[in-house]
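Bear in mind these aren't lab numbers, they're just calculated from the coordinates by the rules spelled out. Since the model is a prediction, treat every value here as computed from it, not as a measurement. In this analysis, Cβ positions are derived from the backbone assuming ideal geometry, glycine residues included, and neighbour counts consider all displayed protein chains.
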Amino acid sequence: MVKASAPGKCILFGEHAVVYGQPALACSISQRMSIELEREDTFDSWRIDGRTFNGKKHPHIKYIRDHLPPHDEQPLHIRIRGTIPKASGLGSSAALSVALCGALQQIRDEPQNLQQASELSHQAEAQAQGGRASPMDTATSAYGGFVVLSDSIEEDLDFIETRSMEVNGERQEWHLHTFEATIPEGTALVIGNTGVHGSTSAMVLQVAELIQNEPTRKVELETIGAIARRGIQALRNGDMKAVGQAMSENHIVLRSLGVSSPDLERLIRAAAPSSLGVKMTGAGGGGCMIALTENPEETVGAIEMQGGRAFITAFNEPGLQIEHLT
Ligand code: PMV
């Protein structure tokens, strides 16, 4: 039996605009997904949590399995465990895909290959999102920590790799970087979950249709890109007030793009007075919001008073990890 795990992520700046090549920043969170693989001796087909594997129900898993099959082609039993809520903007499917790559690399007796895990998972996400997916979720889940995507190679960040893909008939290129962020003592990130599932593919399609029907709205994506650049620089300078300000500005543009929801707005309004900055995170239409705060308990309480589920997440969580079984 082998086991691997990978973290979820939250997007501090740039969701949706990043699909069209604008800069963005995400960080890994404390919640993780884990995958256990065991050779299937009883049945002659793959199983998942005790049931026959159905590729239509699990397109990410099918894609990765088909690209990283066990050398002896023996069916496997996949067990999925984890604490990342589904369809909530926290990258549960990306974490699942990355963890599966890590587990399959072990089954194949291959050394851990983060680049392969990040790339294959990105392709699996793109397939599930109608061809529109940035590599942000999957790269953050694979590498962990803070991941910056940019339209150019940033000299003062640690460059990881360049990824490209065709989105809406246009070739997009993302340069992936990481950096060591020093978060001042007492500053925390609180995640608030509306409990409403949002569909990434539906929200990404909604933005694609909006800019197709009204091409001038592309300016909003560029505005998000400019805010993201400023926010990333503020984080690197340790200026958390400016980071919070940029997060709140980013949210206003996302709201005008139509990807927020009444539930998200309610939690954001509740968290704002005790926070440096608040925004939705991920695809939207439900899912989660985040608050950068120096009063985490107060912020958690305010979100919960409005019916959200809230928790404080750590920064700099490790990416893909092989879990050693005893
Ligand atoms: O909601 P999530 O965790 O699937 O994040 C989606 C982020 C988007 O920018 C909306 C899409 C993408 O592929 O980057």
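Of the GluC sites (Glu not before Pro) found in segment 76-157, those that fall in a DSSP loop while having at most 11 other beta-carbon atoms within 10 Å are GLU155. Skipping prolines and chain starts, which residues have an amide H placed within reach, meaning under 5 Å, of the one on ARG32, given they are 5 or more residues away or on another chain? So ARG32 has HN proximity to GLY8, THR83, ILE84.
Going by alpha carbons, how many degrees (0 to 90, nearest 10) lie between the helix axis of 200-213 and the longest principal axis of the chain? Roughly 50 degrees between the two axes.
Dipole magnitude for the chain: about 880 debye, using +1 per Lys or Arg Cβ and -1 per Asp or Glu Cβ, origin at the Cα centre. Using the Stokes-Einstein relation with a Kirkwood hydrodynamic radius computed over Cα pairs, the translational diffusion coefficient of segment 133-178 at 37 °C and a viscosity of 0.692 mPa s comes to 301 µm²/s.
To test your reading of the geometry: what angle, between 0 and 90 degrees and rounded to tens, separates the Cα axis of helix 240-257 from the longest principal axis of the chain? The two axes meet at around 80 degrees. If you build a Gaussian network model of the chain, linking Cα atoms that sit under 10 Å apart, which residue out of ILE35, ILE48, ILE290 swings the most? Comparing ILE35, ILE48, ILE290 in the GNM, the peak value goes to ILE48. Restricting the GluC sites (Glu not before Pro) of segment 161-245 to loop positions (DSSP other than H, G, I, E, B) with no more than 10 neighbouring Cβ atoms within 10 Å leaves GLU180, GLU185.
Using the rule -39500 (n - 2.57) for each DSSP H run of four or more residues, divided by the residues of the chain, the 222 nm mean residue ellipticity is -11500 deg cm²/dmol.
When segment 171-326 is described by a simple charge dipole with +1 on each Lys and Arg Cβ and -1 on each Asp and Glu Cβ, the residue from ILE183, ASN213, LEU235 located farthest towards its positive end is ASN213. Charge dipole (Cα centre; +1 on Lys/Arg Cβ, -1 on Asp/Glu Cβ; no other charges) of segment 188-313 amounts to roughly 220 debye. What you get for segment 79-236, charging only the Cβ of Lys and Arg (+1) and of Asp and Glu (-1), is a dipole of about 620 debye around the Cα centre. Look at where the Cα atoms of segment 297-326 and of segment 186-262 average out, and the two centres are 20 Å apart.
Between helix 262-271 and the chain there is an angle of about 60 degrees, using the helix long axis and the longest principal axis of the Cα atoms.
Under a Gaussian network description of the chain, with springs only between Cα atoms under 10 Å, the residue in GLY287, GLY89, GLY131 that fluctuates furthest is GLY131. Taking every C-alpha pair closer than 8 Å and separated by at least 6 residues, the mean separation divided by the residue count of the chain gives a relative contact order of 25 percent. When the Gaussian network model of the chain links Cα atoms closer than 10 Å, the mean-square fluctuations of SER152, SER88, SER45 top out at SER45.
The relative contact order of segment 78-168 comes to 24 percent, based on Cα pairs under 8 Å that sit 6 or more residues apart. In straight-distance terms, cross-link reach from LYS56 covers every one of the lysines whose alpha-carbon lies under 18 Å from its own, apart from those fewer than eight places away in the same chain; here that gives LYS86. Annotation note: GluC sites (Glu not before Pro) in segment 3-91 located in DSSP loop regions with a Cβ neighbour count of at most 14 within 10 Å are GLU73. Taking the charge dipole of the chain about its Cα centre, with +1 at Lys and Arg Cβ atoms and -1 at Asp and Glu Cβ atoms, the residue from LEU68, PRO296, THR138 reaching farthest to the positive side is PRO296.
Computed over segment 2-180, relative contact order equals 26 percent, with contacts defined as Cα pairs under 8 Å that lie 6+ residues apart. Take every DSSP beta bridge whose two residues both sit in segment 1-145; close to 90 percent of them are antiparallel.
Along the charge dipole of the chain, Cβ charges K/R +1 and D/E -1, which of ALA272, GLN31, ILE107 sits furthest on the positive end? Highest projection toward the positive end goes to ALA272. Can you give the percent of C-alpha pairs in the chain whose distance is more than 32 Å? Of the Cα pairs, 25 percent sit more than 32 Å apart.
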